[in-house]
1. Can you tell which of S90, S36, S29 is of a type in the set (G, A, S) and within 23 Å of K245 (Cα to Cα)?
2. Within the range 126-173, work out how many residues are under 28 Å from T265 (Cβ atoms) and outside any helix (DSSP H, G or I).
3. Which residue pairs have Cβ atoms closer than 6 Å, lie 6 or more positions apart in sequence or on different chains, and pair a first residue in the range 128-155 that is farther than 18 Å from L184 by Cβ with a second residue that is surrounded by 12 or more Cβ atoms within 10 Å (Cβ to Cβ) and polar (S, T, N, Q)?
4. What is the residue count in the range 20-74 for residues that are open to solvent by less than 30 Å² (accessible area, probe 1.4 Å) and either on the phi > 0 side of the Ramachandran plot or in a helix (DSSP H, G or I) (or both)?
5. Are there any pairs, at least 6 apart or on different chains, whose C-beta atoms fall under 6 Å, with the first in the range 52-71 and touching a residue at least 40 places away in the same chain (Cβ under 8 Å) and the second open to solvent by 40 Å² or more (accessible area, probe 1.4 Å), and if so, which?
6. Looking only at residues that are among the hydrophobic types (A, V, I, L, M, F, W, C) and outside any helix (DSSP H, G or I) in the range 265-313, which one is farthest from H153 (Cα to Cα)?
7. For residues that are in contact (Cβ under 8 Å) with a residue 60 or more places away in the chain and assigned to a helix (DSSP H, G or I), scanning just the range 113-125, find the one that is farthest from R91 (Cα to Cα).
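The values are calculated or read from the model by the stated rules, or taken from the named source; none is laboratory data. Please read all numbers here as calculations on a predicted model, not as lab measurements. Ideal geometry is used to build each Cβ from the backbone, glycine not excepted, and the neighbour counts take in all protein chains shown. Just so you know, the surface numbers come from the protein's heavy atoms only, side chains and all, with ligands and any DNA or RNA stripped out. Shrake-Rupley method; radii C 1.70, N 1.55, O 1.52, S 1.80 Å.
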Amino acid sequence: MMNAAHTPLPDSAQRHRLQARRVDFDFASTPLHWLSNDPFSTHIINGIHMLLPAGELWFCRVYNQALPMVTDEVLRDDVQGFIRQEAIHSRQHTKAQSYLEAHGFNVAFAEQAEWLFGTVLGDAPLGLKFLQRQAWKKQWLITRVGLIAAIEHFTGVLGQWAMDNESWETNGDATMVDLFKWHLAEEVEHRTVAYDLFEHLCRTQLGFYVSRQALMAIVFPLFLYFIAEGGRQLAGQDPDPRARKMARMLLPQILMKLQQVGKRTHNVPTFSFLLKATVRWLSPNFHPVHEGDTEQALAYLARSPAAQAAMNA
């Protein structure tokens, strides 16, 4: 059977070649609560520093394995550009872990991320070596490509949320704001790649649709858990009593707080925002090209201090 056909993109959203911007950030002057007077949002977002380095290197490993299966030259170029961007994202968030440690925080949660991406989602998950047999190896690889597509749906929609966001520049440390907005602008820039790759590797449109829904059913709750737990673990180490209160919250309470704080401060997306983004994924007509504005992302990258410094280096 033939591979699933690509969803055609509107003329205004045709791909441009992805480039890796070799940015560098100095967090020496960045305060712990880099969002002023908002420890909840700060810790929720800072938790991402512990999750992303392992996750993005896993993206790169999986995609490097998938590259020989790509028969579309434009898509192959996109996947290679995606890999280069994600590798730099991983390095910069690893550097941000040092910023947390400089403030006296233990980043042991990063070890849970290493276990998830290295052991559970590795080539032989939990030692199940049968998945390395030829009959299963390709399917396990395509399954992981699909998991990345589901994860990248959230990075893409969060990227567009960040492009529309104005509160970070008003309330936040300029260096940390630029780190996240540079990263999320690139997520908008490459938002179609993971989805297109998964579609390319699936044999039929029906198989593609059913499998992407099944994988999202796994990814969405795990995404919520890891975002909440990373923030909760950091909050438990913060002497600020507002943060300590967050550390005692259960997942449903953190999601309720996310909704409340997001509505009040606009420093974090609301839970309802994430839920609506997930519902859109269910549509048979879904394509991530409609989830963001590439020109808006490129406009931010054109004024990002770190991205501009990298270009002029």
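1. On the way: S90 fails: within 23 Å of K245 (Cα to Cα); S29 fails: within 23 Å of K245 (Cα to Cα).
Step by step, each of S90, S36, S29 is checked, and only S36 is of a type in the set (G, A, S) and within 23 Å of K245 (Cα to Cα).
2. Within the range 126-173, residues that are under 28 Å from T265 (Cβ atoms) and outside any helix (DSSP H, G or I) number 4.
3. What qualifies is L141/Q65; G146/S211.
4. Residues in the range 20-74 being open to solvent by less than 30 Å² (accessible area, probe 1.4 Å) and either on the phi > 0 side of the Ramachandran plot or in a helix (DSSP H, G or I) (or both): 22 in total.
5. Sorted first by the residue in the range 52-71, then by its partner, the pairs are P53/T94; A54/E114; V70/R76.
6. Going through the range 265-313, the residues among the hydrophobic types (A, V, I, L, M, F, W, C) turn out to be 268, 271, 273-275, 277, 279, 281-282, 286, 289, 297-299, 301-302, 306-307, 309-311, 313.
Filter once more, keeping what is outside any helix (DSSP H, G or I): 268, 282, 286, 313.
Details: V268: 17, L282: 12, F286: 11, A313: 32 Å.
Only one residue fits best here, namely A313.
7. L116
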